[in-house]
Amino acid sequence: MRTILYLATALCVMGLAFWAYHVNYATQDRQTELRKVKNEIASLQEGLGVLRAEWAYLNRPDRLRELVNLNFAALGLLPLAPEQFGSAAQVAYPAPPAAMTGPLVGGLDMPATSGRVKAIPVSHQVVEDMP
Amino acid sequence: MIRTPLRPLARILSARAKGENPDAIERENIRLRGEALRETARSTAEGRLFLMGLVFLAAFVTVCLRMATLAGTPAQEPQGNGLGPAILAQRADIVDREGRVLATNLVTHALYAQPPMMIDPVGTAAKLVKIFPDLNHDRLLKDFTTGRKFVWIKKKISPEQLQLVHDIGDPGLLFGPREMRLYPNGAIAAHVLGGARFGQEGVNSAEVIGTAGVEKAFDGWLRDPANNGAPLKLSIDLSIQSAVEEILAGGMKLMNAKGATAILMDVHTGEIVAMASLPDFDPNDRPRPLVKGDPSDSPLFNRAVQGVYELGSTFKIFAVSQALELGLVSPTTMIPSQSPMTWGRFKIRDFHNYGAQLSVTDVIVNSSNVGTARIVQMIGPQKQKEFLGKLGFLAPTPVELSEAPTGRPILPAKWSEISSMTIGYGHGLSASPLHLATAYATIANGGRKVTPTLVHDPKHHPGEQVVSEDVAKRALAMMRAVVTRGTASFADVKGYQVAGKTGSADKVKPTGGYYNDKVMATFAGTFPVTDPKYVLILSLDEPSTFVAGEDRRTAGWTAVPVAAEVIRRIAPLLGLRPDPTTMESLDGIQLVSAKKN
């Protein structure tokens, strides 16, 4: 009886030792993995910083201004002016639903041509209607 | 265990037969038993002591071993959770109020040499000079060949240069990683940002420290790892700052000014949305400060904060506001305005003679020095000083720039009656344009004191009431009249109901007295007057323009048109809708795109 007890205790100790070592090695593995991931995060973060800096550099106002001037023929961009503000009342109401034959087109009363629709910006449409 | 009886029968019987006392046997046995018991107890105690000694020995050995390992192994930083210092950049970014990057870090390399490890010092020196033409060949050769152990060659090199140096292939050339400060927008907001340089330098890293501007003022904060890499959010708006600088530069050129400054401030929070000072510089390549001459000639000089000037007639509105607040006058009170006005041995003159008397509103509209001096006389020097103190004119501005304490206002040595009269129309007290912006914001927001700040804070704490809301409203109405029918008529931007005041102050000679042909032209204004949102201060240093047949230097002809253009450009960017009632061209949406449809 006593022998069995001793044997069981010894086995238990061995089992626990095995478990403890196992956990230890697992922890070390995880730590190595964590270090790798941290290094990876660091290098990615560094890359991200470079990309952000590059984005900010490419989008610096001086450069954008020059690009706008260079591409004036194609884009025709001008600084925002007070005259560009409009009021909601100036936007045309959508035509009554009965008049609609094709699919709904941006709430404008323009004829939809056989499903193929050319979208025209609202403000331009309104301007053409103005006297 | 077989227990020995104390009175064994055999021995008792034989003792009795011999006539001995059998009790002696019992005593002897008791003694023997006691001795045996003692012996066992002693050996048990000995065993325990031995065990105890072993335990202590083991404990001490463990401690000793641990101490030996700790002493014998290289130190390792404890690894906590979260991002380690290696991951976070060492200096936080600076962003504008929309989160656009104003200052960030870029990883680069420093180049150094260990001449003892070099194979071909002479050839290496020659090749290095080819890559970096600014290096001195003889100096490099001397460093490499005279037995120096360590030589810094370049503090920052680009990846292309790194590759070229790699291609030299000399093992004595080594690289150290560096984080360098980068200002991607170049000269935009240069004076606000300041600049940075390397502090303590090692092979593996170098600390970056701020040298001026917010970089220096927030140096500790930017380097504090406790912020977990959070960027510093300024109140500056990059697109507005850029537009203001562009227009200001154009205006400065057009008006032949030698310097210019502009400040745009939120009237309620005191947040500076744009602050420009020209000429400016590129913080990526910060010029050296001047060692002699006037510091204001250096592009490093921040005219908006460091430059203290007599700001001229822009001060008149403070005298009038105070008189209104004290109940001394109303906007229609008539004030004697005969020019020149004689006071002791002093004479106060107006630009034109405006007749015998003017209403208080017209004193402001026509910018009458005499009228203002009369109003200041009613207030008295002591009260005037107190009021200007409340508006912040007696101390440097508390803005978060390292240069702010140097922008100390110049006050008269003795605040006498005549100096109070001249201060009333902006002479005799020098203050920075930022002081003026802060004071105008106080009037524009309904009389509450504001603290100028460069940091964006969504929470806002209203300041103390300096003038009543009613007085502020009346002062604004007067400033509106200056624009509609007074000296700042060019500032009437359609749709934005600008209110403001011009100031053209003769510049003070360093030798004493005033220049005849050098002025500081300032426009101080707020818009829209119905519900003021922003204050704009724009100053031109020594402007002069030839308009309508004569040379013009006054602010109405120089600073005001530039300020109007600034407002016309930035108000839409600030998201302010023009007021349709003052916008006659707003009958329909106009097609402003230049593209042909």
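Each of the peptides B:425-433, B:482-490 was scored by the mean count of other Cβ atoms within 10 Å over its residues; in descending order, highest first, they stand as B:425-433, B:482-490. Restricting attention to chain B, close to 95% of DSSP beta bridges with both partner residues there are antiparallel.
When a/c is below 1.5 the answer is rounded, else prolate if a/b is larger than b/c, else oblate, so apply that to region B:460-562 with a ≥ b ≥ c taken from the square roots of the Cα gyration tensor eigenvalues. Oblate, because a/c is 1.5 or more while a/b does not exceed b/c.
Of all DSSP bridge pairs formed entirely within region B:165-292, close to 100 percent run antiparallel. Counting only DSSP H runs of at least 4 residues, each contributing -39500 (n - 2.57), and dividing by the residue count of chain B, the helix-based mean residue ellipticity at 222 nm comes to -11000 deg cm²/dmol. Separation of region B:218-291 and region B:373-393, taken as the distance between their Cα centroids, equals 32 angstrom. Put simply, chain B fits an ellipsoid with semi-axes of 81, 39, 23 Å; these come from the alpha carbon gyration tensor as the roots of five times its eigenvalues, largest first.
First check a/c for region B:174-265, with a ≥ b ≥ c the square roots of the eigenvalues of its C-alpha gyration tensor; if it is under 1.5, answer rounded, and if not, answer prolate when a/b is larger than b/c or oblate otherwise. It is prolate, given that a/c is not under 1.5 and a/b is the larger ratio. Near the amide H of B:Ala260, within less than 5 Å, lie the amide hydrogens of B:Leu278, B:Asp541, all on another chain or at least 5 residues away, with H placed in the peptide plane.
For region B:188-228, just say rounded, prolate or oblate: build the C-alpha gyration tensor, square-root its eigenvalues into a ≥ b ≥ c, call rounded for a/c under 1.5, and beyond that prolate if a/b exceeds b/c, oblate if not.
oblate
If R0 equals 51 Å, the separation of the Cβ atoms of B:Gln90 and A:Trp19 corresponds to a calculated FRET efficiency of about 0.75. Packing around the peptides B:278-286, B:156-164, B:37-45, taken as the average count of other Cβ atoms within 10 Å per residue, puts them in this order, highest first: B:278-286, B:156-164, B:37-45. The simple spin-label model puts a point 7 Å past each Cα toward its Cβ; for B:Lys507 and B:Ser416 those points are separated by 2.8 nm. Across the options B:Thr146, B:Ala126, B:Leu254, the greatest Cα extent toward the positive end of the charge dipole of region B:122-260 (unit charges at beta carbon of Lys, Arg, Asp, Glu) belongs to B:Thr146.
Distance between the 7 Å Cα→Cβ label points at B:Leu573 and B:Met378: 4.2 nm. With contacts taken as Cα pairs under 8 Å at a separation of at least 6 residues, region B:285-412 carries a relative contact order of 25 percent. Remark on B:Thr333: its backbone amide H falls under 5 Å from those of B:Val360, a criterion applied only to residues 5 or more positions apart or on other chains, H modelled at 1.01 Å from N.
Taking the number of Cβ atoms within 10 Å of each Cβ as an exposure proxy, the fewest-first ranking of B:Leu576, A:Leu80 is A:Leu80, B:Leu576.
Rg and Dmax of the protein assembly as shown, based on Cα coordinates, read 42.3, 164 Å.
Pop the C-beta distance of B:Glu20 and B:Arg66 into the FRET formula with R0 = 56 Å and round what comes out to the nearest 0.05. Spell out each step's value before the answer.
Working: r = 69 Å, r/R0 = 1.23.
Working from the Cβ atoms, E equals 0.25.
Per-residue extension of 0.36 nm, minus the Cα-Cα distance of B:Asp224 and B:Ala548, leaves a gain of 110.8 nm for this segment.
Backbone amide hydrogens, once placed in the peptide plane, bring B:Ala555 within less than 5 Å of B:Gly503, B:Ser504, B:Thr522, excluding anything fewer than 5 places away on its chain. For region B:290-328, there are no residues whose amide N sits under 11 Å from a probe point set 7 Å from the Cα of B:Trp343 along the beta carbon direction. Taken residue by residue and averaged, Cβ atoms of other chains lying within 10 Å of the Cβ of A:58-66 number 5. Most tightly packed first, judged by the mean number of other beta-carbon atoms within 10 Å of their residues, the peptides B:373-380, B:563-570 read B:563-570, B:373-380.
Stretching the chain fully between A:Gln90 and A:Gln31 yields a gain of 14.7 nm (0.36 nm per residue, less the alpha carbon separation).
Sorting B:Leu238, B:Leu65 from the fewest to the most surrounding beta carbons within 10 angstrom yields B:Leu65, B:Leu238.
By the combined test of axial Cα extent (at least 20 Å) and Kyte-Doolittle hydropathy (mean at least 0.0), the qualifying DSSP H helices of chain B come to B:22-72, B:238-254, B:469-485, B:559-573. Subtracting the Cα-Cα distance of B:Asp138 and B:Ile30 from their residue separation scaled by 0.36 nm leaves 28.1 nm.
Quick note: the coordinates plus some simple rules give every number you see, no bench work behind them. Please read all numbers here as calculations on a predicted model, not as lab measurements. In this analysis, Cβ positions are derived from the backbone assuming ideal geometry, glycine residues included, and neighbour counts consider all displayed protein chains.
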